[in-house]
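The values are calculated or read from the model by the stated rules, or taken from the named source; none is laboratory data. Everything quoted here is computed from the prediction, not taken from an experiment. Every residue, glycine among them, receives a Cβ derived from its backbone with ideal geometry; neighbour counts consider all protein chains shown. Quick note on the areas: whole protein, heavy atoms, side chains included, nothing else; ligands and nucleic acids left out. Shrake-Rupley method; radii C 1.70, N 1.55, O 1.52, S 1.80 Å.
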Amino acid sequence: MTTQSEPGEEHSRLKLVIAYNGQEFSGSQRQPGQRTVQGELEAALATLAKREVALSLAGRTDTGVHASGQVGSCLDPRPDLEAGELQRALLALLPKDISVYRVERVSAAFDPRRSAQWRHYRYRIRVGPRNPVDDTAVLCLDGTLNTMRLLHGALRFEGEHDFGSFAGLGRGTPESADRDKGRGTTRRILMAHVRSRMDEGWNGQEIAIDIVGDAFLPGQVRSMVGALLEVGRGNVQPDWIDSLLEIADRRQGPKSVPAKGLTLVQVGYDEWNEASVPRWPGKA
């Protein structure tokens, strides 16, 4: 499924590809009295359109989570402007911690959440001294992490599983009513991979954990990374991941990692292909 309209279809909506630093936001979704990504974008669109404009997003990110490829959509606020003009106008109206780096006109059928085929998250870790250049987007740890153990643990997440042990907001407890709705806490992980490199300048190790899934539960990725850290530190064996998936109970699940290391990298609207994942600098 693509986001482009077929010839002759009305281009009545915009697709926005959005990046933001989540440090100063109370998450992505609009909340009364809170600064949110959706709120800032809707304010800029309203100024541009001289009326209220409702924006929908492909995925919900929590307080402190970043994005380099979030996707939003709204009714076209200014059909008289070219897409490039719309982008420049929005950039002039948005605060410095949000950027819209692509604007496309798409058909009325496009829904950024329901049309999405997959979502790609990346969690970044630094083992060693803090680097103030990227401190807001990387979790800094002392000690050591075994990259191969991390990878062996991550691969166990691939496939379709019940992720109840990793679901937040009460979704992962057996008594949750949400577990009987739709897919419940079952999700499909298309790729879970770990890459690392040594940063000689800072005398530290940088690790990126990439997770791609068809959809995610609240807090799922941060809980998955929390489990992987236990494996990477040698506190548990990689097959502990299997037992967590089998138990499917958040009360027995792992501790979540802080939000600041997590970034929504990309939302895909075509069939999943590993080549679609942007490469992270360093050794595969």
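What to note about this one:
- Every condition in (1) closer than 27 Å to GLN220 by Cβ; (2) in a loop (DSSP other than H, G, I, E, B); (3) of a type in the set (Gly, Ala, Ser); (4) open to solvent by 40 Å² or more (accessible area, probe 1.4 Å) is met by ALA108 except one, and the failing one is (1).
This table checks each residue for (1) closer than 30 Å to HIS193 by Cβ; (2) touching a Pro at 6+ places or on another chain (Cβ under 7 Å); (3) modelled with pLDDT of 95 or more.
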{"position": "ALA67", "(1), (2), (3)": "yes, no, yes"}
{"position": "GLY72", "(1), (2), (3)": "yes, yes, yes"}
{"position": "ALA89", "(1), (2), (3)": "no, no, yes"}
{"position": "ALA92", "(1), (2), (3)": "no, no, yes"}
{"position": "SER99", "(1), (2), (3)": "yes, no, yes"}
{"position": "ARG105", "(1), (2), (3)": "no, no, yes"}
{"position": "PRO112", "(1), (2), (3)": "yes, no, yes"}
{"position": "ARG124", "(1), (2), (3)": "yes, no, yes"}
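- Taking the stretch 245-266 as the range and being under 22 Å from the mean Cα position of the chain (by Cα) and assigned to a helix (DSSP H, G or I) as the test, the residues that pass are LEU245, ARG250, ALA259, LYS260, GLY261.
- Residue within the stretch 201-215 that is open to solvent by 70 Å² or more (accessible area, probe 1.4 Å) and in contact (Cβ under 8 Å) with a residue 60 or more places away in the chain present: yes
- Residue in the stretch 96-103 that is in a loop (DSSP other than H, G, I, E, B) and touching a residue at least 12 places away in the same chain (Cβ under 8 Å) present: yes
- Once the stretch 166-189 is narrowed to residues that are buried (at least 16 other Cβ atoms within 10 Å of the Cβ) and within 19 Å of the chain's Cα centre (by Cα), the residue that is farthest from VAL277 (Cα to Cα) is ARG171.
- Residues that are out of contact with any strand residue (DSSP E or B) (no Cβ under 8 Å at 6 or more places or on another chain) and among the small types (Gly, Ala, Ser) were ranked within the stretch 65-105; the one that is most open to solvent (accessible area, probe 1.4 Å) is ALA92.
- Any hit, the stretch 115-123, residues being part of a loop (DSSP other than H, G, I, E, B) and in contact with a strand residue (DSSP E or B) (Cβ under 7 Å, 6 or more places away or on another chain): yes
- Contact map, the stretch 131-159: first residue in contact (Cβ under 8 Å) with a residue 24 or more places away in the chain and of a type outside the set (Asp, Glu), second residue assigned to a helix (DSSP H, G or I) and open to solvent by 50 Å² or more (accessible area, probe 1.4 Å), Cβ cut-off under 8 Å, separation 6 or more or different chains; pairs are THR136/GLN23; THR136/LYS260; ALA137/LYS260; VAL138/LYS260; LEU139/LYS260; GLY153/TRP240; ARG156/ASP242.
- If the condition is being in a helix (DSSP H, G or I), buried (at least 19 other Cβ atoms within 10 Å of the Cβ) and of a type outside the set (Val, Ile, Thr), then the stretch 216-229 contributes GLN220, ARG222, SER223, MET224, ALA227, LEU228, LEU229.
- Among the residues here, LEU14 qualifies as part of a strand (DSSP E or B), more than 15 Å from the chain's Cα centre (by Cα), crowded, with 23+ Cβ neighbours inside 10 Å and at pLDDT 95 or above.
- Qualifying residue in the stretch 192-206 (condition: within 27 Å of SER115 (Cα to Cα) and either more than 19 Å from the chain's Cα centre (by Cα) or not basic (Lys, Arg) (or both)): yes
- Residues of the stretch 130-187 that are part of a loop (DSSP other than H, G, I, E, B) and either of a type in the set (Phe, Trp, Tyr) or within 25 Å of TYR20 (Cα to Cα) (or both): ARG130, ASN131, PRO132, VAL133, ASP134, VAL138, PHE157, PHE163, ALA167, GLY168, LEU169.
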